[in-house]
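The values are calculated or read from the model by the stated rules, or taken from the named source; none is laboratory data. From a predicted model like this one, the values you see are computed outputs, not experimental measurements. Cβ atoms come from the backbone with ideal geometry, glycine included; neighbour counts cover every protein chain shown. With ligands, DNA and RNA removed, areas are computed over all heavy atoms of the protein, side chains included. Shrake-Rupley method; radii C 1.70, N 1.55, O 1.52, S 1.80 Å.
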Amino acid sequence: MSRIKPRVRDKVKSPFRASSRFGLLFGVHPVFTWLTTMGVTKLGRPHLYEIDLMRSCVILGVVCVHLTSYFSQFAQPLSGSRTALDMSLVVLHYTREVFMFITGLVLFYTYYDRPHPPVLSFWQKRFKLIVIPYLAWNLIYVLFEGTYIRHFTWSAADVWTMFWMGVVKGNLFFLYYLLVTMQFYVVFPLLWKLLKRFEQQQVAIVVASFVLQLVLMATEEYLVPRWQSNPTLPTWVHVFLGYEDSFVLSYQFWFIAGAVAAVHYTAVQTWLRTHTRAVRWGLVCAILGAWTWFVIARWGLHQSEADLITVLQPVMVPYSLIVGGAFLTLGVAWSKRRTELPRWTKLIQFFGGASFGIFLIHPLALHFVEQLGYRWYFPMPLHLFELPLSIAAVYVSSGIVAHWVGKVPVLSYIVGKKG
């Protein structure tokens, strides 16, 4: 597979390279240079418009997942409506995996061809744009919940406890994604060096990572529930098992797959352009396969509905990979025609640019839509007609709010925008 073409670099001398005797004197020249390569190169990579489309579609999928889950509680178990909603959830549960894939792809597309990974500057830039939103939204969610939770204690100690536990666990609404992303930022320099060191074995690394992901998901699906219910295990084991949703290792394949795709992006892009029919048929087969597994597991293996719609299960690994490839293929095709479709282009870039803010804001919109659903309940299946309207309301309103918050100096940091 072909690598990314080398870029023209404007080199900036590091003050710690000026004197080799300085480095030899302290014996830390290689490591210290690696850690202090802040702004070594100014790189101008072409913007990946296809990623805008992927982000706008995947965040729409996130909204669909959460509202479909909400509407499913009104349907009777094993009813036609409940089965239809559960089967919809099965095919929508690609979202977190594809977001992790996008994160790995974009970072390695940006940084892989640099002579040194700019560790300190990378951490400074990336953590500023994710730690601030993470802390801010943990606090916002705690205060927001306090406005509608009965008997909420507004003492400083209780608010601080809820806030701190949310920060540590990442379990307030859907902030686990930010916690996982921060862990990936920490290990990013090591993964960069690993892929550089074993550049000729990257395909083998991806295959090994894929197998490991299947093993991890099988463990999560079939063994972890037993371990969690085992009172004889040490307390630290139970604590560790409680972090399976927010631990970077649980998503390692998606970061590595995105990274390797970025390294060989020219070849990946070419393959997708020339095999669109294969990608389309692969997507159809993947959806049919996911539904087939749902039927077999539900009525053949008698698994519960709750177990069947979980994200961290083996079947989601190949399925999410195919769906992610389909979205990337669609994005590559659209990027070539974006100037011919100005209205669609503006819409896609609007929601793609606001996707991170939508992710953070939409739980608030979800709450109000859900409250309306409780008050204006209609019998099934008439109730299902509210679903697409609710999805549109949450998606559009969250996008608009995220867009305007992103334009306000300083406040823009809470939606991941520079102030």
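Brief remarks follow.
- Burial ranking of peptide ranges 250-261, 206-217 (average Cβ count within 10 Å, highest at the top): 250-261, 206-217
- Sorting 287-297, 317-327 by average packing, meaning the other beta carbons within 10 Å per residue, from highest down gives 317-327, 287-297.
- Taking every DSSP helix (H) stretch of at least 4 residues in the chain, weighting each as -39,500 (n - 2.57) and dividing the sum by the residue count yields a mean residue ellipticity at 222 nm of -22000 deg cm²/dmol.
- Extension gain for the segment Met165 to Leu389, taken as residue separation times 0.36 nm less the Cα-Cα distance, is 77.2 nm to one decimal.
- Legend: residues Arg96, Arg226, sorted from most to least accessible area (1.4 Å probe; ligands, DNA and RNA excluded), read Arg226, Arg96.
- The distance separating the Cα centre of region 308-369 from that of region 92-161 comes to 18 Å.
- Here region 333-352 is scanned for amide nitrogen atoms under 20 Å from the site 7 Å beyond the Cα of Thr276 along Cα-to-Cβ, giving 333-349.
- On full extension, the segment bounded by Ile400 and Thr147 gains 88.7 nm, given 0.36 nm per residue less the C-alpha separation.
- Angle between the chain longest axis and helix 252-263 axis [Cα atoms, degrees, rounded to 10]: 50 degrees
- Exceeding the 30 Å Cα-Cα cut-off - candidates Lys193/Lys336; Lys193/Lys407; Lys193/Lys346; Lys169/Lys196; Lys128/Lys346: Lys193/Lys336; Lys193/Lys407; Lys193/Lys346; Lys169/Lys196
- Helix 355-375 and the longest principal axis of the C-alpha atoms of the chain enclose an angle of approximately 10°.
- A protection proxy built from the mean count of other Cβ atoms within 10 Å ranks the segments 395-404, 162-171, 336-345, most packed first, as 395-404, 162-171, 336-345.
- With each label modelled as a point 7 angstrom along the Cα→C-beta vector, the Ala218-Val187 pair spans 2.0 nm.
- For region 92-101, backbone phi angles converted through the Karplus equation (6.51, -1.76, 1.60; θ = phi - 60°) give residue-by-residue couplings of 9, 7, 9, 5, 5, 5, 5, 4, 5, 4 Hz, Gly and Pro being listed as x.
- Karplus-derived HN-Hα couplings along region 292-299 (A = 6.51, B = -1.76, C = 1.60, θ = phi - 60°), whole Hz, x at Gly and Pro: 4, 4, 4, 5, 5, 5, 6, 9
- For Ala354, distant residues with modelled amide H under 5 Å away: none
- Spacing of the modelled spin labels on Arg114 and Arg343, each 7 Å from Cα toward Cβ, amounts to 4.2 nm.
- Sequence of Leu347, Leu191 when ordered by accessible area, the most exposed leading, probe 1.4 angstrom: Leu347, Leu191
- For the chain, the share of accessible area belonging to carbon and sulfur comes to 69 percent (1.4 Å probe, ligands and nucleic acids excluded).
- Once C-alpha pairs closer than 8 Å and six or more residues apart are averaged by separation and normalised to the residue number of the chain, the relative contact order reads 28 percent.
- The residues of the chain expose on average 52 square angstrom of accessible surface per residue, using a 1.4 Å probe on protein heavy atoms.
- Over region 87-148, the pair-distance histogram of Cα-Cα distances with 5 Å bins from zero comes to 4, 13, 12, 16, 16, 15, 13, 7, 4, 1, 0 percent, rounded to whole numbers.
- Of Cys64, Cys285, the order by accessible heavy-atom surface (1.4 Å probe, DNA, RNA and ligands excluded), from most exposed downward, is Cys285, Cys64.
- Seen against the Cα atoms of the chain and their longest principal axis, helix 176-197 is set at about 40 degrees.
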